[in-house]
Amino acid sequence: MDAVATFLAMGGYAGFVWPSFALTFAVMIGLAVASRRALRKAQRQLELLEQSRPARRARPGKAA
Amino acid sequence: MLATTGLGIIRGERAVFTDIDLAVEPGEAVVLRGPNGAGKSTLLRILAGLLSPTVGRVTWDGAAIADDREAHGRRLRYAGHGDALKLALTAFDNLAFWARFEGTPVEAVDDALDRLGLGALGMLPAGVMSAGQKRRLGLARLALAPRPLWLLDEPTVSLDAASVDLLAGMIWDHRAAGGMVVVATHDGLSLPNARTFVLEKAA
Amino acid sequence: MLTRLANPTRFLRLADRLLPWLGGLTVLAFIAGTVWGLGYAPADYQQGDTVRIMFVHVPAAWLAMFGYSFMAIASFVGLVWKHPLADVAAKAAAPLGAGFCLVALVTGSLWGQPMWGTWWVWDARLTSMLVLFFLYVGYIALWSAIDEPERASKAAAILALVGAVNVPIVKFSVDWWSTLHQPSSVMRLDGPTIDPSILWPLLVNAIAFQLYFVTVLLWRMKAELIGRRVRALTLGLAAREA
Amino acid sequence: MSAFLALLRRDLRLAFAQGGSVGLVIGFFVIAATLFPLASGPERAELARVAPAVIWIGALLATLLSLDRLFQADLEDGSLDLLLVGGTPSSVVVLAKCLAHWLSTGLPLVLVSPLLGLLLGLDPVGIVMLVKTLLLGTPTLSLIGAVGAGLTVGVRRAGILIAVLILPLYVPVLIFGAGAVDLAALGLDTGPSLALLGAVLLVSLPVGTLGAAAALRLAVL
């Protein structure tokens, strides 16, 4: 237990060391999640559009 | 001679038009027609060298205009949607600026104003002129110094019938002197034995 | 090689094959570097355990600078050779670079407080990093202000290149300025030599950050490419309906 | 050359004509600088110490405010198209417009800066150095600013966007410019700072003109 407490205390600098690591990981995970989410959204939109395309192609003569 | 081969352009990731082959000979007039969004203005801007086509090329006497844009600029007159006027300057000063900018004699300005029926308004600031007068002042640039190629985008907008005839006369004289005209217009402007080129909307 | 990759479909396929490996390696390197750095690397005799902040601060600062160089090079390639993936890569790199810049700034501040007794000093390095952050912000703002991707990509590329020419001048001017104004009592962050016991976990973490950069960059590029395809399809639909 | 002079003359006439921007820019510069003592208190020694910073920042912001119209007016009335297809290289067009911008913005700022220096209690040595640095630095502000103006022409909220794009790039000019005035006040050698200001100007001459010219070609797409 003592070892864990010493580790967590970081020689009295816990208030600086841990927030640094926390912020770093928060920013990195945040960016990764946001990027993944954008990718998923784009993929979903593409699927939707590709599903709806044949239906529109099936109306010939309209463009002419 | 102005020619395009296999011209196509993609804007906003959409093909505006594809495979335009157009040749204009000296003395010839080409009227561009087509629905809104078919790319009439876009084509004129490509011919002027303002826009680069995605595929294909524009040539002048066989040489690509993209190789020497400045030289191409010196042989054409482009009239777009704006009149390119500074409202704080007089009609004369507006035209005189463009004459100086292209390095042609400023003496031609008075004649150009007369030609468009603006001779009496030379000292008036462009800001107090009516829309039709402004348009005529913009078109007066055509009369500054002869240049072989005119590219006109809807030149008749806000012109009255008499002014449209005036413009038709100028185009006629220009062609008689061996000039070429490509004009996008909806109506009104009747150009004898002009070729019509229809732009379809790309699917 | 480059021309083969220029084909977005081929690029997407390659990215899909690489991404699982990259993702796994990133996580492993992170765990290794962080555990090593936090648990096993010795505390500095002068700075105590605060020196451990270095294991995230320094790689973040490196990547913030790497990100801008990457962006500038990609912009150059995009403008000169019109490589279709280059501007996608440049756009995708910007938020990553900005994020690392922010991390470097805040962790630098958290490191500085116990060392200097203040959250912020106008030290040359911090100030340059702050200006770099502003450059990222401008670049991202320009992308989002212009709707047409063709124009936005070229405009952003011009900005990135003008910025890249300016970065060394900014850096030099800030160094010059800090020698002019700075009382010399500020402690240098880096010693003349770094002990290997600190250097190794630092390098492992630097590799982890770099792997992360590549992984997320590929995700972002994929999203951008698919997004452009979506845009093209919707515009095509709108044009047909009109 | 005739195109360059014609464009320079026209832009200067427009800038100094009624409704032009010169008076407004000067007005902004003077008002912003005189607001400063009201915020900080009127102690002369304190004011003189920060005077170079206040005047330099004022000049920077005044330049910035005038930048969004640099190409925008020409885009709106269609002149920009004609300037770019008139057979003149676009970098020459940009250079003429930058010179006109500097003559109608930077130079007037330089001319009123001694007055502000006096108001803020700068000594004569400082005032002379202030004029010198502004004279060397403000052309750079116009050149680098032209890139921002070119990139944002026709874009929503261009004014604020220019500020975000360009202000970080103004850092070296600000540092060398205001720094030289500080050095002069301390009686130190200002030669290197002036040389550096000149070097920054020399770098921004090609970077600004080519960058802005490339940006303008995009704007008329």
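Residue pairs exceeding 30 angstrom between C-alpha atoms, taken from A:Lys41/C:Lys82; C:Lys91/D:Lys132; C:Lys171/D:Lys132; C:Lys154/D:Lys132; B:Lys40/C:Lys222; B:Lys86/C:Lys82: C:Lys91/D:Lys132; C:Lys154/D:Lys132; B:Lys40/C:Lys222; B:Lys86/C:Lys82. Here the protein assembly as shown is treated with +1 on each Lys and Arg Cβ and -1 on each Asp and Glu Cβ, and its dipole about the Cα centre works out to around 2100 debye. Provide, as a two-decimal number, the C-alpha radius of gyration of segment C:23-177 over 2.2 N^0.38 Å, N being how many residues it has. The reported ratio for this selection is 1.20. Going from the fewest other Cβ atoms within 10 Å to the most, the residues D:Arg49, B:Arg141 appear in the order D:Arg49, B:Arg141.
For segment D:2-220, state the average projected area of the convex hull of the C-alpha atoms over all orientations, rounded to one decimal in nm².
Details: hull surface 47.3 nm².
Hull-based average projected area comes out at 11.8 nm².
Label separation (B:Thr59 vs A:Arg37): 5.5 nm, computed from points 7 Å beyond Cα along the C-beta direction.
Remark: segment D:1-130 is approximated by an ellipsoid whose semi-axes, taken from the C-alpha gyration tensor as √(5λ), come to 36, 14, 11 Å, largest first.
Remind me, relative contact order of chain C in percent, using alpha carbon pairs under 8 angstrom and six or more residues apart? Relative CO of chain C lands at 33 percent.
Apply the a/c threshold of 1.5 to the C-alpha gyration tensor of the protein assembly as shown and tell me whether it is rounded, prolate or oblate. Judged from the Cα gyration tensor, the protein assembly as shown comes out oblate (a/c at least 1.5, b/c at or above a/b). Modelled spin labels at C:Trp81 and A:Glu50, positioned 7 Å past Cα toward Cβ, are 2.9 nm from each other. Inter-chain Cβ neighbour count for C:131-138, averaged per residue, equals 4 (cutoff 10 Å, partner chain atoms only).
About its Cα centre, how strong a charge dipole does segment B:85-146 have in debye, to the nearest 20, once Lys and Arg get +1 and Asp and Glu get -1 at the Cβ? Display every interim value, and only then the final one.
Working: 7 positive and 6 negative charges, 65 e Å.
Using only the charged Cβ atoms, the result is roughly 300 debye.
Listed by number, the DSSP H helices of chain D that run 24 Å or longer by alpha-carbon position along their axis and have mean Kyte hydropathy of at least -0.5 are D:22-40, D:44-67, D:124-152, D:191-219. Taking each DSSP H run with n ≥ 4 as -39500 (n - 2.57) and averaging over every residue of chain B yields -8500 deg cm²/dmol at 222 nm. Ranking D:Leu80, D:His101, D:Leu134 by Cα position along the charge dipole of segment D:1-142, where only Lys, Arg, Asp and Glu carry charges on their C-beta atoms, puts D:Leu134 farthest toward the positive end. Decide, for segment B:30-109, between rounded, prolate and oblate: order the square roots of the alpha carbon gyration tensor eigenvalues as a ≥ b ≥ c, take rounded if a/c falls under 1.5, and otherwise choose prolate if a/b is larger than b/c, else oblate. It comes out oblate by the Cα gyration axes.
With an 8 Å cut-off on Cα pairs and a minimum separation of 6 or more residues, tell me the relative contact order of segment B:85-146 in percent.
Values: 76 pairs, mean separation 28.3, N = 62.
Computed value for segment B:85-146: 46 percent relative contact order.
Residues whose amide H lies under 5 Å from that of B:Arg33, counting only those 5 or more places away or on a different chain, are B:Phe197, B:Val198, B:Leu199; hydrogens are built 1.01 Å from N in the peptide plane. Separation of segment D:59-101 and segment D:149-210, taken as the distance between their Cα centroids, equals 19 angstrom.
Is it possible to state the helix-based mean residue ellipticity at 222 nm for chain C, with each DSSP H run of 4+ residues giving -39500 (n - 2.57), the sum divided by total residues, to the nearest 500 deg cm²/dmol? What is it?
Working: 7 runs with 192 residues, N = 242.
Estimated from H runs of four or more residues: -28500 deg cm²/dmol.
Ranked by how many other Cβ atoms sit within 10 Å of their own Cβ, fewest first, the residues B:His72, B:His186 fall in the order B:His186, B:His72.
Tally Lys/Arg at +1 and Asp/Glu at -1 over every other residue whose Cβ is under 15 Å from the Cβ of C:Ser109; what's the total? Each step should come with its number before you reach the end.
Values: positive: C:Arg125; negative: C:Asp123.
Surrounding charge for C:Ser109 is 0.
Between the residues D:Ala195, D:Ala178, D:Val153, the greatest Cα displacement towards the positive end of the dipole of segment D:2-220, with unit charges on the Cβ of Lys, Arg, Asp and Glu, is found for D:Val153.
Under 5 Å from the amide H of B:Arg77 lie the amide H atoms of B:Leu149, B:Trp150, B:Leu151, each residue being 5 or more positions distant or on a separate chain, with H modelled from the backbone and absent for Pro and chain starts.
Given charges of +1 on the Cβ of Lys and Arg and -1 on the Cβ of Asp and Glu, with all other atoms neutral, how large is the dipole of chain B about its Cα centre, in debye to the nearest 20?
Working: 21 positive and 23 negative charges, 82 e Å.
That gives chain B a dipole magnitude of about 400 debye.
When the charge dipole of the protein assembly as shown is built from unit charges on Cβ atoms (+1 for Lys and Arg, -1 for Asp and Glu) and taken about the Cα centre, the candidate among D:Val92, D:Met1, B:Ala3 whose Cα reaches farthest toward its positive end is B:Ala3.
Evaluating 6.51 cos²θ - 1.76 cosθ + 1.60 at θ = phi - 60° for every residue in segment C:109-123, the Karplus couplings come out as 5, 5, 6, x, 4, x, 7, 9, x, 8, 6, 9, 10, 7, 7 Hz, glycine and proline recorded as x. Need one word for segment B:66-192: rounded, prolate or oblate. Basis is the Cα gyration tensor (sqrt eigenvalues a ≥ b ≥ c); a/c below 1.5 gives rounded, then a/b vs b/c decides. Cα axes put segment B:66-192 in the oblate bin.
Remark: segment B:146-159, residue by residue, has Karplus-estimated 3J(HN,Hα) of x, 9, x, 10, 10, 10, 10, 9, 6, x, 8, 4, 6, 9 Hz, where x stands for each Gly or Pro and the curve is 6.51 cos²θ - 1.76 cosθ + 1.60 at θ = phi - 60°.
For segment D:38-195, relative contact order (Cα pairs under 8 Å, six or more residues apart, normalised by length) works out to 32 percent.
Legend: ranking of residues C:Arg13, B:Arg33 from fewest to most surrounding C-beta atoms inside 10 Å; resulting order C:Arg13, B:Arg33.
In this structure the amide hydrogen of B:Val16, modeled in the peptide plane, comes within under 5 Å of the amide hydrogens of B:Ile9, B:Ile10, B:Arg11, none closer than 5 places in sequence on its chain.
FYI, it's all coordinate maths here, none of it is from the lab. Just so we're clear, the structure is a prediction, and the values are computed from it rather than from any experiment. Ideal geometry is used to build each Cβ from the backbone, glycine not excepted, and the neighbour counts take in all protein chains shown.
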